[in-house]
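Shown next, in structure tokens, is the structure this report addresses.
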Amino acid sequence: MSVGEPTPRNPIWHIEFEAAEVIQRRRDATLAPFKQHKATLIAQLRKANACGPRSKSFEAEKPWRRLTELADWYFWQQNHKPMSPSDRVKRLRRLARVLDQARGMLYDAIRDPVGHDLLKALFEEANEPPASVVNGDSSVLTRITDEMENAVASLVRLETAARRAAEMVQTAPGRPKGTSVLPPDYIIALAGVYRESTGLQPGKGDGPFARFVYKFLTALGQKYVVYDSVVASIKDSFGTVRP
């Protein structure tokens, strides 16, 4: 934020603004290695464009924006892969145990001297005089006590829900859904970029489009991908969805 801009009055908005900047910096850092391959990827499209039926000059920035968007989405998905059923069950059961412990600690605190200390702290946070705790004549005492009782009940409900959810998750192993080096949606999207940039129909076998996809995978950091696997993935993708 520049010096001349006013400081946001809403601290929550300010935190969200800073978080958005952090996220953007992380995205830029992740995409930086991919962007180093811009010249190579654009050269592949430019070369194919020279052999195509297009009458107007080649435009580099439009396909590059689309390629960058695809790379950005790919990296996001890599960092947010679906959690396996067994891991979800473990997390849910661990959550249930923690909720059970928290419920027990809060239940005990309400009925022993720790609860008295907790009430004093809550009264201080509510700007109530300390005498209200001793006299018990403040409506805030009733409200705070009710909140603590409701918190215990909420923890019980959450614990029960976590245990039930763990039982509902299907943990039976499933069959793998193919061995494509790149999900079909990405290959179909790359086919669209290729077609729009060159005026050529992307081929299903060895050829300019397969080499373009191979270069895209290399830009994503897949250094050890086999070219024949790329061709096989293109054939599988085109068989799944019409390009």
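Fewest-first ordering of Val213, Val89 by other beta carbons within 10 Å of each residue's beta carbon gives Val89, Val213. For a straight C-alpha distance cut-off of 17 angstrom, the lysines reachable from Lys223 (same-chain residues fewer than eight places away being disregarded) are Lys35, Lys38, Lys215. Listed by chain and number, the aspartates and glutamates whose alpha-carbon sits under 20 Å from that of Lys47, ignoring those within fewer than 8 places in the same chain, are Glu59, Glu61, Glu196, Asp206. Given the Cα-Cα distance of Asp108 and Glu147 and 0.36 nm per residue of separation, how much length would full extension add, in nm? Separation in residues times 0.36 nm, less the Cα-Cα distance, equals 12.5 nm.
Going from the residue with the fewest nearby Cβ atoms within 10 Å to the one with the most, His80, His37, His116 rank His80, His116, His37. Cα centroid separation, region 192-209 to region 79-95: 40 Å. Approximating the spin labels as points 7 Å out from Cα along Cα→Cβ, the Ala161-to-Ser57 distance works out to 6.0 nm.
The numbers here are math on the coordinates, done by the rules we state, and not lab data. Remember, predicted model here, so these are calculated numbers, not experimental data. Every residue, glycine among them, receives a Cβ derived from its backbone with ideal geometry; neighbour counts consider all protein chains shown.
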